[in-house]
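Structure first, then comments.
The values are calculated or read from the model by the stated rules, or taken from the named source; none is laboratory data. These numbers were taken from a predicted model, which means no experiment stands behind them. Cβ placement follows ideal geometry from the backbone for every residue including glycine, while neighbour counts extend to all protein chains displayed.
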Amino acid sequence: MDKKKTPLEIEGISDSLYAGFWIRVGSVLLDSLFLLPFIILILYGNGLGKNFYFYTIIPNLAFGIWYHIYLPKKYGGTPGKLVAGIKIIRLDGDSIGWTEAFLRHSVMLALTILSSIWMTTIMLRADDETYMSISWVQRSQYLMTLSPDFFDFHRWASNIWIYSEFIVLMTNKRKSVNSCHVDPGFLGVDPP
């Protein structure tokens, strides 16, 4: 494997090889649209009773791993990134492998697993009758009262991670360590 990094610019090409801030924001919005039906289904199910949450823990984690790890490894990006024309590659131009795909999502996966464990303990403490007798918004407020420290920690940890990604995006000349806005075949890399 060649250890040479994909260049910042290629002579004769005026466009940046790397996806900029707004195209990446667009890809996140597209991913949100793709995920919206799944999220609505989960929210609807959670409205049927608190036991639904327990039935969906493992499928939710599996779906997240499939969407954020398997799809980038297999196709070079999530559907939002691919529609926006962004392909995730390694610095040397090769397609990412399982290790890179996992590492890209590892912090959010760890936060999600921690959140799932903590929410499970909160849901076990929640009173069934109270949970079912209040509105959807009141349910969120009720669950927050059962463990306010967790919600503060989760909010801070998620915000720190997301803002640090924005800082890297704005300060890194490659806009992201592993995102490229070109056809990999152009760089002499065989597409997956």
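In segment 117-132, of all residues being buried (at least 16 other Cβ atoms within 10 Å of the Cβ) and within 21 Å of the chain's Cα centre (by Cα), the one that is farthest from Phe52 (Cα to Cα) corresponds to Trp118. Of the candidates Gly45, Gly64, Gly12, Gly49, the single residue that is surrounded by 14 or more Cβ atoms within 10 Å (Cβ to Cβ) and modelled with pLDDT under 90 is Gly45. Within the bounds of segment 64-76, is there any residue that is small (Gly, Ala, Ser) and farther than 24 Å from Leu109 by Cβ? Checking segment 64-76: not a single residue is small (Gly, Ala, Ser) and farther than 24 Å from Leu109 by Cβ.
For segment 133-148, the set of residues classified as hydrophobic (A, V, I, L, M, F, W, C) and either within 19 Å of Gly45 (Cβ to Cβ) or surrounded by 15 or more Cβ atoms within 10 Å (Cβ to Cβ) (or both) consists of Ile134, Trp136, Val137, Leu143, Leu146, listed by residue number. Take the conditions (1) of a type outside the set (D, E, K, R); (2) surrounded by 15 or more Cβ atoms within 10 Å (Cβ to Cβ); (3) under 19 Å from Asn46 (Cβ atoms); (4) in contact (Cβ under 8 Å) with a residue 12 or more places away in the chain; Phe151 misses just one of them, which is (4).
A single entry from Phe38, Phe63, Phe21, Phe34 fulfils the requirement of being more than 27 Å from Leu124 (Cα to Cα) and without any contact (Cβ under 8 Å) to a residue 60 or more places away in the chain: Phe34.
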